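Visitor: Mind having a look at this structure? Questions to follow.
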Amino acid sequence: MSPNPSPDPPNSLDAFAAEKLAGLEAAALRRRLAVTARGPEAAAERAGRNLVSFSCNDYLGLAHDPRVIAAAAEALARYGAGAGASRLVTGNSPPLAALEERLARHKGKEAALVFGSGYLANLGIAPALVGAGDLILIDELGHSCLFAGAKMSGAQVVRFAHNDVAGLRAGLAEHRGAARRALILTERVFSMDGDRAPLADILAVAEDYDAWTLVDDAHGLGVVEPGPRAPLEMGTLSKTLGSYGGYLCASRPVIDLLTSRARSLVYTTGLPPASAAAALAALDIVEAEPERAARPLALARRFTARLGLPEAESPIVPVLVGAAEAALALSAALEARGFLVVAIRPPTVAPGTARLRVAFSAAHHKGQVDALAEAVAELAPDCVRSV
């Protein structure tokens with residue numbers, strides 16, 4: 001084979017892709033990968049430039065904690081780089097079993113099940129519990145993977161307005177009678193707005209209609225007060241815990257059922273042992289150092305107070321810009337000043353609500369937060385109410 005093969009001749013597939021890319025480019029919605037080297041203390045490097053990242057979900061800075069790295073290294077040396085097979089074959093490593101026991105205890109549940117990622121978890125949970133003839137009610141701002149899992153289930157899917165408990169109740173009143181089973185999908189902390197679901201009210205409505213509630217806790221674990229627990233507590237290992245993977249905590253019968261029925265667990269390779277060991281070490285730190293866990297929210301509230309924004313409910317603060325082009329321009333201007341704050345555009349958020357999603361970490365210090373607030377106030381005065 002020639003070391004420099006000639007390009008493939010033009011074809012309808014390439015023409016289709018090129019046309020779609022041109023449309024995305026024209027709407028400022030094309031996405032590109034940027035090589036980013038992350039380091040400790042919220043450091044990031046892009047294109048040779050050193051930046052302070054406010055776009056990472058590593059809320060406690062544990063991805064670079066020496067204790068977490070050491071746990072991963074030990075598991076890597078002992079168990080190898082990969083799981084080697086699906087969990088039901090030979091991929092259920094000792095660190096995975098230990099992690100599930102600790103996750104269940106942390107969530108106050110009987111058992112837990114670790115998946116390859118949070119997205120895979122939500123692809124597997126709903127289809128294993130409901131199907132044709134059943135009902136799913138989902139918050140309209142739920143994560144893409146919640147909608148994907150709901151669609152794959154074959155159940156009737158009804159959206160309710162964001163955090164609208166009355167709307168949820170109305171949806172159940174209208175559709176629950178014709179459904180064998182009902183499942184409610186929401187998030188403890190919503191990933192693009194940083195607000196929290198009214199879980200106590202949602203769980204009360206669910207009980208009235210014999211509906212099961214799944215709470216996606218990807219962005220809340222360890223950094224906001226959990227409040228009431230849902231029957232199905234799902235989350236990730238890749239944010240607060242600084243590792244990779246997803247999980248579900250629930251009763252033993254539910255976990256046993258998903259072990260046999262969740263296709264995204266049964267038919268995929270198990271999580272690498274090092275990832276499980278890292279998450280386990282990180283969970284120990286979360287529980288042992290509550291002052292560290294409280295820091296991201298405190299910094300987020302410092303930021304919102306300085307800019308006159310609504311008080312932060314989580315480590316996530318949206319700075320609403322509006323047009324996708326304007327969000328990209330603001331992101332680039334902040335990067336020129338040394339801050340990495342990535343623009344979020346449709347379809348991740350609704351048209352006309354492009355934004356900067358500012359994520360705070362225990363790895364940040366107050367001076368960095370204040371400097372970012374000053375830069376945002378100067379560059380985007382129409383987006384904030386500086387005080």
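Visitor: In the range 321-334, how many residues are touching a residue at least 40 places away in the same chain (Cβ under 8 Å) and crowded, with 17+ Cβ neighbours inside 10 Å?
Guide: 5
Visitor: Taking the residues in the range 337-350 that are modelled with pLDDT of 95 or more and out of contact with any Lys or Arg (no Cβ under 9 Å at 6 or more places or on another chain) as candidates, determine which candidate is surrounded by the fewest Cβ atoms within 10 Å (Cβ to Cβ).
Guide: The extreme case among them is Arg337.
Visitor: Also, quick follow-up: Which members of the range 293-306 meet the condition of being over 22 Å from the mean Cα position of the chain (by Cα) and crowded, with 21+ Cβ neighbours inside 10 Å?
Guide: Once the filter is applied, which keeps residues that are over 22 Å from the mean Cα position of the chain (by Cα) and crowded, with 21+ Cβ neighbours inside 10 Å, the range 293-306 yields nothing.
Visitor: Is there a residue being crowded, with 23+ Cβ neighbours inside 10 Å, of a type in the set (Asp, Glu) and touching a strand residue (DSSP E or B) at 6+ places or on another chain (Cβ under 9 Å) anywhere in the range 164-177?
Guide: The answer is no; no qualifying residue exists.
Visitor: May I ask you to say which residue of Ala182, Ala262, Ala278, Ala211 is of a type outside the set (Val, Ile, Thr) and over 21 Å from Met152 (Cα atoms)?
Guide: Ala278
Visitor: Given Ala15, Ala44, Ala97, which one is free of Cβ contacts under 8 Å to residues at least 40 places away in the same chain, out of contact with any Gly (no Cβ under 9 Å at 6 or more places or on another chain) and within 30 Å of Pro346 (Cβ to Cβ)?
Guide: Every option except Ala15 fails the conditions.
Visitor: Another question, if that's okay. Search the range 175-204 for residues that are within 21 Å of Lys151 (Cβ to Cβ) and pair each with any residue that is open to solvent by 50 Å² or more (accessible area, probe 1.4 Å) and outside any loop (DSSP other than H, G, I, E, B) when their beta-carbon atoms are under 6 Å apart and the residues are at least 6 apart or on different chains.
Guide: Leu183/Trp212
Visitor: Criterion first (modelled with pLDDT of 95 or more and farther than 21 Å from His219 by Cβ) does Ala371 satisfy it?
Guide: yes
Visitor: Please verify whether Arg261 is in contact with an Asp or Glu (Cβ under 6 Å, 6 or more places away or on another chain) and either more than 29 Å from Leu60 (Cα to Cα) or open to solvent by less than 10 Å² (accessible area, probe 1.4 Å) (or both), treating the condition exactly as stated.
Guide: Working: in contact with an Asp or Glu (Cβ under 6 Å, 6 or more places away or on another chain): no; either more than 29 Å from Leu60 (Cα to Cα) or open to solvent by less than 10 Å² (accessible area, probe 1.4 Å) (or both): yes.
So Arg261 fails the test.
Visitor: State which residue pairs qualify: first residue part of a helix (DSSP H, G or I) and inside the range 263-284, second residue open to solvent by less than 30 Å² (accessible area, probe 1.4 Å) and of a type in the set (Asp, Glu) in any location, beta carbons under 9 Å apart, and separation of 6 or more residues or different chains.
Guide: Once the first residue is part of a helix (DSSP H, G or I) and sits in the range 263-284, its partners that are open to solvent by less than 30 Å² (accessible area, probe 1.4 Å) and of a type in the set (Asp, Glu) give Ala276/Glu100; Ala281/Asp65; Ala282/Asp65.
Visitor: Let me ask something additional. Quick check on Tyr247: is it open to solvent by 50 Å² or more (accessible area, probe 1.4 Å) and aromatic (Phe, Trp, Tyr)?
Guide: When the stated conditions are applied, Tyr247 does not pass them.
Visitor: Of everything in the range 199-226 that's open to solvent by 40 Å² or more (accessible area, probe 1.4 Å) and not acidic (Asp, Glu), which residue is nearest to Ala298 (Cα to Cα)?
Guide: This residue is Pro226.
Visitor: Would it be correct to say that Pro315 is within 30 Å of Glu110 (Cβ to Cβ) and open to solvent by less than 70 Å² (accessible area, probe 1.4 Å)?
Guide: Criteria met by Pro315.
The values are calculated or read from the model by the stated rules, or taken from the named source; none is laboratory data. Only a predicted model underlies this, so the values are computations on that prediction, with no experimental measurement involved. As a convention, Cβ positions derive from the backbone with ideal geometry for all residues, glycine included, and neighbour counts pool all protein chains shown. Accessible surface areas use protein heavy atoms only, side chains included; no ligands, DNA or RNA. Shrake-Rupley method; radii C 1.70, N 1.55, O 1.52, S 1.80 Å.
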